[in-house]
Amino acid sequence: QVQLAESGGGLVQTGGSLRLSCAVPRSIFGINAMKWYRQPPGKQRELVARVTDGGTTYYADFVKGRFTISRDNARNTVYLQMNNLKPEDTAIYYCNVVTRYQNFWGQGTQVTVSS
């Protein structure tokens, strides 16, 4: 099973920034959307942001104005720029790629925001 490779997580203070990256193997084609999810401690996984093949973006209310999703088609990479981080943003962040027939996930990268 092809897996995605996330990077960029870490420990940051409240108000700080991080940029997550997700490298998508070129063996995955026909991508409809690229997404970032997160799973806070003790909670269910939730959608953070999405960018479609056409470039349309969506953000969960709890990150609007602070996070930006983008994709670099030349590098086959999707990014999540996270600014003004809050302790409640602490979670494991997962990259997800959706094609017409398949769903691909990464192993996740830990983001911890200290108060």
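The values are calculated or read from the model by the stated rules, or taken from the named source; none is laboratory data. What you are looking at is a predicted structure, and each value in this text was computed from that prediction instead of being measured. Glycine also receives a Cβ, built like all others from the backbone with ideal geometry; neighbour counts cover every protein chain displayed.
Values as computed for the structure displayed
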item	result
Subset tally (residues that are in contact with a Phe, Trp or Tyr (Cβ under 7 Å, 6 or more places away or on another chain) and within 24 Å of Ser114 (Cβ to Cβ)) for the stretch 40-58	4
Strands (runs of 3 or more DSSP E) contained in the stretch 47-115 and holding at least 3 residues surrounded by 15 or more Cβ atoms within 10 Å (Cβ to Cβ)	67-72, 77-82, 91-99, 109-114
Near pairs, Cβ below 9 angstrom, 6+ apart or cross-chain, from the stretch 64-84 (modelled with pLDDT under 95) to any residue that is part of a loop (DSSP other than H, G, I, E, B) and among the small types (Gly, Ala, Ser)	Arg71/Gly55
Some residue of the stretch 55-67 being under 12 Å from Cys95 (Cα atoms) and within 11 Å of the chain's Cα centre (by Cα)	no
Matching residues, the stretch 4-28, being among the β-branched types (Val, Ile, Thr) and buried (at least 19 other Cβ atoms within 10 Å of the Cβ)	Val24
